[in-house]
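Visitor: I have a structure here, written as structure tokens, and I will follow up with some questions on it.
Each reported figure results from applying straightforward, stated rules to the coordinates on display, with no laboratory input. Just so it is clear, the structure is predicted and the values come from calculations on it, not from any experiment. Every residue, glycine as well, gets a Cβ built from its backbone with ideal geometry; the counts of neighbours run over all protein chains shown.
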């Protein structure tokens with residue numbers, strides 16, 4: 001995990017989009033891939049497949065939460 005210090009002073013909004021660790025393009029791609037994998041495991045029709053699908057759905061929810069946090073941070077930095 002990150003350390004507190006000078007690196008923490010850099011604003012998200014100062015980072016060029018292509019260099020941002022999770023930009024909208026990456027977020028959408030990851031979200032789609034996770035959702036597709038979850039659907040495919042569910043489609044197997046087995047208990048194990050269902051359990052994996054549920055776990056992947058939880059991952060997608062956490063990804064969505066992280067994305068919303070990024071958006072809130074950027075809005076705060078922009079004074080909105």
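Visitor: With everything on Cα atoms, drop me the angle between helix 47-77 and the longest principal axis of the chain, reported from 0 to 90° to the nearest 10.
Guide: Roughly 20 degrees between the two axes.
Visitor: Using a simple spin-label model with points 7 Å from Cα along the Cα→Cβ vector, what separation in nm is obtained for residue 14 and residue 31?
Guide: That separation, rounded to one decimal, is 2.8 nm.
Visitor: Compute the long axis of helix 24-43 from its Cα atoms, compare it with the longest principal axis of the Cα atoms of the chain, and write down the angle in degrees, 0 to 90, nearest 10.
Guide: Once rounded, the angle reads 10 degrees.
Visitor: A further question follows. So what's the convex hull volume per residue for the Cα atoms of region 19-77, in Å³?
Guide: Numbers: hull volume 3.6 nm³, N = 59.
Looking at region 19-77, the number lands at 61 Å³ per residue.
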